[in-house]
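A.B. asks: My questions all concern the structure below.
The values are calculated or read from the model by the stated rules, or taken from the named source; none is laboratory data. Keep in mind the model is a prediction, meaning the values are calculated, not measured. Please note: Cβ atoms are built from the backbone with ideal geometry, for glycine as well, and neighbour counts cover all protein chains shown.
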Amino acid sequence: MRRNELNKKKWYCSDPHFGHDNIVKFCNRPFKNADEADEIILRNLNERVGPGDQLWLLGDFALGHKKLDKKWLQEMFDRLPGAEQHLIIGNHDDEIVQSLPWSSVAYMAEVRDGSQRNYNTLFHYPMLTWNHARRGAYCLFGHVHDNFLGTRNCVNVGLDVWDFYPVSFDEIEHRSKTLPMNKHWHEVEPGTTIFGEQIDYY
């Protein structure tokens, strides 16, 4: 799926795990339980995402026994902000999550955004290379929670590494400058650079 809508503000996040008590323990989230985590994440989403904006959620919307309650799941979805809510399917997004009234549902999307107006790849998992990577396009991912921030052009947008806020592409580009180069770049994209930078692989 490819989206070319530069006139709409876009926000990115991944892995809210709404309703999932165990994720608080597994990832040392600074909350007492899933109920508190859910409320704070929803507050943060609504604080940033405007009524005309797009929210791109890169997987793992909800998990745990609460997800089986269709009324609760719909209520959580209805509290998402923005004019559009898009789901990139994660490993925990089964049919009940995918059947919510998302603006789009896909395993992968190319979304135009950023200072270079590239089509950037959105996927639940980190990748080594992707379409237009050698032309300056980014990959945005989640799944790994706080285990890996990413590399210079492949950035983790998971809520665990952004203080539980969604992020804009300006923020993503700013963080990317602090991340290490992909040490496998010379293998997967030989003879190219990342954003025109000299790459020291060794």
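A.B. asks: Look at region 25-52 and say how many of its residues are surrounded by fewer than 18 Cβ atoms within 10 Å (Cβ to Cβ), without any contact (Cβ under 8 Å) to a residue 60 or more places away in the chain and touching a Pro at 6+ places or on another chain (Cβ under 9 Å).
C.D. replies: Number of matching residues: 4.
A.B. asks: Also, I was wondering about something else. Filter region 127-162 for residues that are surrounded by fewer than 20 Cβ atoms within 10 Å (Cβ to Cβ), of a type outside the set (A, V, I, L, M, F, W, C) and closer than 13 Å to residue 176 by Cβ and give the result.
C.D. replies: 136, 152
A.B. asks: State which residue pairs qualify: first residue on the phi > 0 side of the Ramachandran plot and inside region 116-141, second residue among the polar types (S, T, N, Q) in any location, beta carbons under 7 Å apart, and separation of 6 or more residues or different chains.
C.D. replies: 132/118; 136/116; 136/118
A.B. asks: Still on this structure, I have one more. Just for region 70-115: of the residues that are touching a residue at least 12 places away in the same chain (Cβ under 8 Å) and of a type in the set (Lys, Arg), which one is surrounded by the most Cβ atoms within 10 Å (Cβ to Cβ)?
C.D. replies: 112
A.B. asks: Take region 166-193 and flag every residue that is among the aromatic types (Phe, Trp, Tyr) and modelled with pLDDT under 95.
C.D. replies: Across region 166-193, the qualifying residue is only 185.
A.B. asks: Right, next: Mind checking which pairs have a first residue in region 162-191 that is free of Cβ contacts under 8 Å to residues at least 40 places away in the same chain and a second that is charged (D, E, K, R) and surrounded by 12 or more Cβ atoms within 10 Å (Cβ to Cβ), Cβ under 7 Å, 6 or more apart or different chains?
C.D. replies: If the second residue must be charged (D, E, K, R) and surrounded by 12 or more Cβ atoms within 10 Å (Cβ to Cβ), the pairs left are 176/152; 179/152; 180/152; 181/152.
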